[in-house]
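Data block below; observations after.
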Amino acid sequence: MHGSVDISGSKNACLPVLAACLLTAETCIIRNIPALSDIFSMIDLMKDLGVTVETISNKSIRVQARNPRSVVDSTHVNRIRASVCLMGSLLGRTGEVAIPMPGGCVIGARPIDLHLRGFQMLGANVSTFDSNIYLSAKTLIGNKICMSGKCGPTVTGTANLLMASVFAQGKTVICGAACEPEIVSLCNFLTMMGAKIDGIGTSTLTILGVEKLHGCEFTISHDRIEAGTFLILGLACAKELVVNGISNSESLINPLLEAGADMKIETDKATIKKTENLRCMHIITSPFPGFPTDLHAQISVLMTQINGVSILEEKIYPERFGHVPELVKMKANIQLNGHSEIVNGRCDLHGSELAATDLRAGAALYIAGLLAKGETTVTNTHYVARGYDHFNEKLRAIGADIHEV
Ligand code: EPU
């Protein structure tokens, strides 16, 4: 495989930015929107709330939330977990929200206790009944809120509290805030809308409530998880691959370089080649700037190609191992030990019939299939379409032989 790939806009930056458009009655223009089923579901959900969303050009939309409904009962709500971000924006904008409780998912339990406790601390009434969440507040009042749980800070929880607190009276301090680039992006968007936020990019965010936000234009940054997926693919099997759009990828690039990857980094682009004799890795997933859990399954495939024993510890989602039985079907030698994978390499992967169990596991199976001898079939590819923009097309353009059946 060889060639170059352009990384699309970030799913996890785009979803909260779309939710934040509900904080103003004015028009927002959002550029570099990725073509993903999760984004389309979010847009459908916003339309069901009475929000006008128009496509203005390739990858750009115009959003106007003149008078959004606060009851989220759309059929689209269960399709995307990030619909939880509507809680913060609707509570901030309308003072009340009714929304179905998000369920667990295939990467494990995904509680929202920290979100709900945070809303309560801003003075909202929070109740749950019959799998629905009800939030209401005549006035939200600034407070000091901690967003850190036993697995670290919550990303969408921090986004929710940011959106709820922009109109809260006085000062809100979010300590233990997530520092992920997607939170920085949301803070930048809110600031462009007129919010007053200090400490952007740190674990302490201070928000001074304002009366009103206004519309603005905003460009979504590159998807660091898509970039990471292509970097891993390039290292595993490309003659030469240029990945354009690698901002915020240091937490992947540094361990790859330490393992001996043949990779040249220039401003926002990396040229990477399949490298023989990579050194064994010991990766621990953790909140930003640590190694992202959303690259866990993909790096696990790379580890199967390294001589010796590599270790992969999962610290964010203790059940994120859906890819392991599938890789074992391909003759990978991986043992699970608690919340860690012990990967014995190097092994030849064999083409097999595989099923994606979630978005990132699905992407990992594509990489494994491209590495394997013979043909691999991956089912449940709708998971992959949730988070990878034109994945099959991008892979074909760099030499992959992929057919949709
Ligand atoms: N947690 C709690 N209580 C809460 C919220 C979270 O205990 O109220 C725990 C979770 O169980 C988990 C940890 O805190 O162990 C972190 O979860 P977090 O809330 O940060 O996850 P999230 O905001 O629901 C976002 C991304 C995920 C990504 C995680 C971690 C979006 C839309 N989703 O989820 O992305 O894995 O942060 O970085 O931003 C993906 O794109 O494939 C994906 C799953």
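Kindly indicate which of Ser83, Ser60 is polar (S, T, N, Q), assigned by TED's automatic domain parsing to the domain that holds Leu186 and at pLDDT 95 or above.
Of Ser83, Ser60, the one residue that is polar (S, T, N, Q), assigned by TED's automatic domain parsing to the domain that holds Leu186 and at pLDDT 95 or above is Ser60.
Output the residue which, of all residues in region 12-34 that are within 25 Å of Thr381 (Cα to Cα) and touching a Lys or Arg at 6+ places or on another chain (Cβ under 8 Å), is surrounded by the fewest Cβ atoms within 10 Å (Cβ to Cβ).
The residue in question is Asn32.
In region 373-386, is there at least one residue being among the charged types (D, E, K, R), open to solvent by less than 30 Å² (accessible area, probe 1.4 Å) and out of contact with any strand residue (DSSP E or B) (no Cβ under 6 Å at 6 or more places or on another chain)?
no
Is it the case that region 80-97 has a residue that's more than 17 Å from Met163 (Cβ to Cβ) and either aromatic (Phe, Trp, Tyr) or open to solvent by 50 Å² or more (accessible area, probe 1.4 Å) (or both)?
The answer is no; no qualifying residue exists.
So how many residues does region 309-328 have that are surrounded by fewer than 16 Cβ atoms within 10 Å (Cβ to Cβ) and either within 17 Å of Leu349 (Cβ to Cβ) or touching a His at 6+ places or on another chain (Cβ under 9 Å) (or both)?
Final tally of qualifying residues: 5.
Collect the residues in region 259-280 that are within 26 Å of Glu182 (Cα to Cα), open to solvent by 40 Å² or more (accessible area, probe 1.4 Å) and more than 24 Å from the chain's Cα centre (by Cα), keeping them in residue-number order.
Passing the criteria: Lys264, Glu266.
Given region 1-58, what strands (runs of 3 or more DSSP E) lie entirely inside it while holding 2 or more residues that are over 30 Å from Met263 (Cα atoms)?
27-31, 52-57
Name, by its number, the condition in (1) surrounded by fewer than 15 Cβ atoms within 10 Å (Cβ to Cβ); (2) closer than 24 Å to Ile183 by Cβ that does not hold for Ile283.
Only one criterion is unmet by Ile283, namely (1).
In this structure, is Asn277 part of a helix (DSSP H, G or I), in the same structural domain as Tyr366 (by TED's automatic domain parsing) and of a type in the set (S, T, N, Q)?
For Asn277, the condition - part of a helix (DSSP H, G or I), in the same structural domain as Tyr366 (by TED's automatic domain parsing) and of a type in the set (S, T, N, Q) - is not met.
Of the residues in region 193-226, how many are assigned to a loop (DSSP other than H, G, I, E, B), surrounded by 21 or more Cβ atoms within 10 Å (Cβ to Cβ) and within 16 Å of the ligand (Cβ to nearest atom)?
Residues flagged as assigned to a loop (DSSP other than H, G, I, E, B), surrounded by 21 or more Cβ atoms within 10 Å (Cβ to Cβ) and within 16 Å of the ligand (Cβ to nearest atom) within region 193-226 amount to 2.
Test each condition in (1) modelled with pLDDT of 90 or more; (2) over 20 Å from Ile145 (Cα atoms) for Gln120 and report the one that comes out false.
The single condition Gln120 does not satisfy is (2).
With the condition being away from the ligand (no atom under 11 Å from the Cβ) and open to solvent by less than 20 Å² (accessible area, probe 1.4 Å), I'd like the strands (runs of 3 or more DSSP E) fully within region 98-192 carrying at least 1 qualifying residues.
Ranges flagged: 132-136, 144-146, 171-175.
Spot the failing condition for Asp73; the list is (1) modelled with pLDDT of 95 or more; (2) assigned to a loop (DSSP other than H, G, I, E, B); (3) of a type in the set (Asp, Glu), and only one is missed.
(1)
Let me spell it out: the conditions are (1) in contact (Cβ under 8 Å) with a residue 12 or more places away in the chain; (2) touching a Leu at 6+ places or on another chain (Cβ under 6 Å), and Cys151 meets all of them except one. Which number is the exception?
Looking at each condition in turn, Cys151 falls short on (2).
For the structure I just gave you, tell me whether Pro68 is open to solvent by less than 20 Å² (accessible area, probe 1.4 Å), under 28 Å from Ala137 (Cβ atoms), away from the ligand (no atom under 14 Å from the Cβ) and in contact with a helix residue (DSSP H, G or I) (Cβ under 6 Å, 6 or more places away or on another chain).
Here the answer is yes, as Pro68 does meet what is asked.
Tally the residues that are within 30 Å of Pro111 (Cβ to Cβ) and not charged (D, E, K, R), restricting the search to region 314-352.
Number of matching residues: 19.
The values are calculated or read from the model by the stated rules, or taken from the named source; none is laboratory data. These numbers were taken from a predicted model, which means no experiment stands behind them. Cβ sites come from the backbone with ideal geometry, for glycine too, and all protein chains shown count toward neighbours. Protein only, heavy atoms only, side chains kept; ligands, DNA and RNA dropped before computing areas. Shrake-Rupley method; radii C 1.70, N 1.55, O 1.52, S 1.80 Å.
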